[in-house]
Amino acid sequence: MIEPPLVTPSAALARIAASCASRGIRLTATRRLVLGLLLEAERPLGAYLLMERLRATTRQAVSPPTVYRALDFLARERLVHRIERLDAFVACAAAARDGGGHAHLHQFLVCRRCGRAEEIHDPAVALALSGAAGQVGFSAHRMTVELEGECARCAAPKAEPRHQPPT
Ligand SMILES: [Zn+2]
Ligand SMILES: [Zn+2]
């Protein structure tokens, strides 16, 4: 069972912008636009697709470094995440709900059919992995957990229409 989105993209953006302002984090026009596009996107977006959407929105030339810098900043602030296996970005689901700014360990469930990526937060996963690493003397600095498979909506019986693949 998939819960409906808790907040609209524009409400999420307003919440994140307010949280950034209160924490002294500068959300420039470009950063805000990039974040807004990711909040609106149904699926993870690669940097080039983002750049095209940014150009379409602003009707201005946008250079790749501009987009990459904005993405770097947003990722550092944990407002967006990079899905490594897709080389694409998603808005952080936790930030969309509460404005962001919290350190959190996330895992991603990537659906092969519809291309959506669901962010989940299970501390037990991170604990088990770092525990296993510690047993062989490895100290983990960074953790990426991405599962590929079929989401509940795509796996549902035929009565429910399947989501269209990304266009
Ligand atoms: Zn997150
Ligand atoms: Zn799916």
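The values are calculated or read from the model by the stated rules, or taken from the named source; none is laboratory data. Predicted, not measured: the structure shown is a model, and the values here were computed from it. Ideal geometry is used to build each Cβ from the backbone, glycine not excepted, and the neighbour counts take in all protein chains shown. Quick note on the areas: whole protein, heavy atoms, side chains included, nothing else; ligands and nucleic acids left out. Shrake-Rupley method; radii C 1.70, N 1.55, O 1.52, S 1.80 Å.
Could you calculate the FRET efficiency of LEU147 with ARG78 from 1/(1 + (r/R0)^6), where r is the beta carbon distance between them and R0 is 22 Å, rounded to 0.05?
On the way: r = 20 Å, r/R0 = 0.93.
The calculated FRET efficiency here is 0.60.
Quick one: longest stretch of the chain between exposed loop GluC sites (Glu not before Pro), exposed meaning at most 15 other C-beta atoms within 10 Å and loop per DSSP? Intermediate results must be reported in sequence, preceding the final value.
Values: sites that count: GLU42, GLU84, GLU150.
It runs 85-149.
Give the carbon-plus-sulfur fraction of the accessible surface of region 9-155 in %, rounded to a whole number; probe 1.4 Å, heavy atoms of protein chains only. Before the final figure, lay out each step's value.
Working: 4290 of 8270 Å².
Using a 1.4 Å probe with all protein chains present, region 9-155 comes out at 52 percent carbon and sulfur.
Compute the longest continuous run of the chain that contains no exposed trypsin sites (Lys or Arg not before Pro); treat a site as exposed when its DSSP state is not H, G, I, E or B and it has at most 12 other Cβ atoms within 10 Å.
60-111
Report, to two decimal places, the Cα Rg of the chain normalised by 2.2 N^0.38 Å (N = number of residues). Each step should come with its number before you reach the end.
Working: Rg = 17.0 Å, N = 167, 2.2 N^0.38 = 15.4 Å.
Ratio of Cα Rg to 2.2 N^0.38 Å: 1.10.
Mind checking region 60-167 for chymotrypsin sites (Phe, Trp or Tyr not before Pro) that DSSP puts in a loop (not H, G, I, E or B) and that have at most 12 other Cβ atoms within 10 Å?
Details: sites: TYR68, PHE73, PHE89, PHE108, PHE138; in loops: PHE138.
Qualifying residues, ordered by number: PHE138.
Keeping all protein chains in place, calculate the accessible area per residue for region 9-155 (probe 1.4 angstrom), answer in Å².
On the way: 8270 Å² over 147 residues.
That works out to 56 Å² per residue.
From the helices alone, meaning DSSP H stretches of at least four residues, give me the mean residue ellipticity at 222 nm for the chain, per-run term -39500 (n - 2.57), in deg cm²/dmol to the nearest 500. Let's see the in-between values first.
Working: 7 runs with 74 residues, N = 167.
It lands at -13000 deg cm²/dmol.
Which of the listed residues, LEU109, VAL145, LEU49, is farthest toward the dipole's positive end in the chain, when Lys, Arg count +1 and Asp, Glu count -1 at the beta-carbon?
With unit charges placed on the Cβ atoms, the residue in question is LEU49.
With no solvent and one equal point scatterer placed on each C-alpha of region 78-155, evaluate the Debye formula and give log10 I(q)/I(0) for q = 0.12, 0.20 Å⁻¹, two decimals.
-0.39, -0.96
Take every DSSP beta bridge with both residues inside region 9-155 and express the antiparallel ones as a percent of the total, to the nearest 5. Present the calculation step by step, with values, prior to reporting the outcome.
Values: 9 of 13 bridges.
So the antiparallel bridges in region 9-155 amount to around 70 percent.
About its Cα centre, what dipole magnitude does region 1-93 give when the only charges are +1 on Lys and Arg Cβ and -1 on Asp and Glu Cβ, stated in debye to the nearest 20? Intermediate results must be reported in sequence, preceding the final value.
Values: 14 positive and 8 negative charges, 73 e Å.
Its charge dipole is roughly 360 debye.
Roughly how many debye, to the nearest 20, is the charge dipole of the chain about its Cα centre, given +1 on each Lys and Arg Cβ, -1 on each Asp and Glu Cβ, and no other charges? Don't skip to the answer; put the middle values down first.
Details: 22 positive and 16 negative charges, 113 e Å.
My answer is approximately 540 debye.
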